[in-house]
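Novice: Sharing a structure with you now.
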């Protein structure tokens, strides 16, 4: 059921790979230095230096880009009361322009579409099928804006870290394991297959080999959640020099569009305790 007059925040899927239960609802900002993570690999045989190096190459490559875009196909499990799992999913086109701009166009498998834009001044959320939009002041750069969406609007964010310039520090924080599983082929592309873990999640990464190390696939298992649900995403069409960035991020409400409010679902007591 849609709530006319308020845009539900479930229409605003972001893309935290490594956070605690509520990994889909909380965004940590504390970081650990790369040196500390490297030292951990020497102290813990379950953390392989080669796995950290492969991941760091990808993180540094992304961090060096002033702008980039990609397409993703994602799916996630919803565990039913019976213990059975139902898979839901969405496709997304994402454009990032640092330090403070983003556009994400998404379509869920049930056909519902959503648009999310950070233009550097405002956050815009659009339901193009209903021709309605909501807007709020943008609190700062990408990291501050993502934190605002996750904490204040409770937007789920299983891949928000991918957009951050400190991706390596965020993901390697509190690692308990990091293994290089060798080269594998994903959709015809040779990739390094990594397995990483912390106290709350196991996550597998497939990163393309060569001088342009990009994330090709990820599988996250929330092992502390009932039923151990998974989030999966496949990536393609990476572009590290996207065209027409300014025009694509210059949002204007469509003709006849109605401005409405964000709808933020109430927290249950367990979520309130964690906030």
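The values are calculated or read from the model by the stated rules, or taken from the named source; none is laboratory data. Only a predicted model underlies this, so the values are computations on that prediction, with no experimental measurement involved. For neighbour counting, all protein chains shown are included, and Cβ atoms are generated from backbone atoms with ideal geometry for every residue, glycine included.
Novice: From the list 155, 150, pick out the single residue that is at pLDDT below 85, outside any loop (DSSP other than H, G, I, E, B) and more than 19 Å from residue 52 (Cα to Cα).
Specialist: Result of the check over 155, 150: 150.
Novice: Turning to a different aspect of this structure: Given the structure, is residue 86 farther than 21 Å from residue 161 by Cα, part of a strand (DSSP E or B) and touching a strand residue (DSSP E or B) at 6+ places or on another chain (Cβ under 6 Å)?
Specialist: Details: farther than 21 Å from residue 161 by Cα: yes; part of a strand (DSSP E or B): yes; touching a strand residue (DSSP E or B) at 6+ places or on another chain (Cβ under 6 Å): yes.
Taking the combined requirement at face value, the residue satisfies it.
Novice: Going by the conditions given, is residue 261 modelled with pLDDT under 95, in contact with a strand residue (DSSP E or B) (Cβ under 9 Å, 6 or more places away or on another chain) and either surrounded by 11 or more Cβ atoms within 10 Å (Cβ to Cβ) or under 30 Å from residue 190 (Cβ atoms) (or both)?
Specialist: yes
Quick grid of which residues meet (1) part of a strand (DSSP E or B); (2) under 19 Å from the mean Cα position of the chain (by Cα); (3) more than 20 Å from residue 76 (Cα to Cα); (4) at pLDDT 95 or above:
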residue: 183; (1), (2), (3), (4): yes, no, yes, yes
residue: 193; (1), (2), (3), (4): yes, no, yes, yes
residue: 196; (1), (2), (3), (4): yes, yes, no, yes
residue: 205; (1), (2), (3), (4): yes, yes, no, yes
residue: 213; (1), (2), (3), (4): no, yes, yes, yes
residue: 218; (1), (2), (3), (4): yes, yes, no, yes
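Novice: Take residue 153 and tell me if it is touching a helix residue (DSSP H, G or I) at 6+ places or on another chain (Cβ under 6 Å) and closer than 18 Å to residue 71 by Cβ.
Specialist: Details: touching a helix residue (DSSP H, G or I) at 6+ places or on another chain (Cβ under 6 Å): yes; closer than 18 Å to residue 71 by Cβ: no.
No: the conditions fail for residue 153.
Novice: From the set of residues in the stretch 27-60 that are crowded, with 20+ Cβ neighbours inside 10 Å and within 30 Å of residue 153 (Cβ to Cβ), which is modelled with the lowest pLDDT?
Specialist: 27
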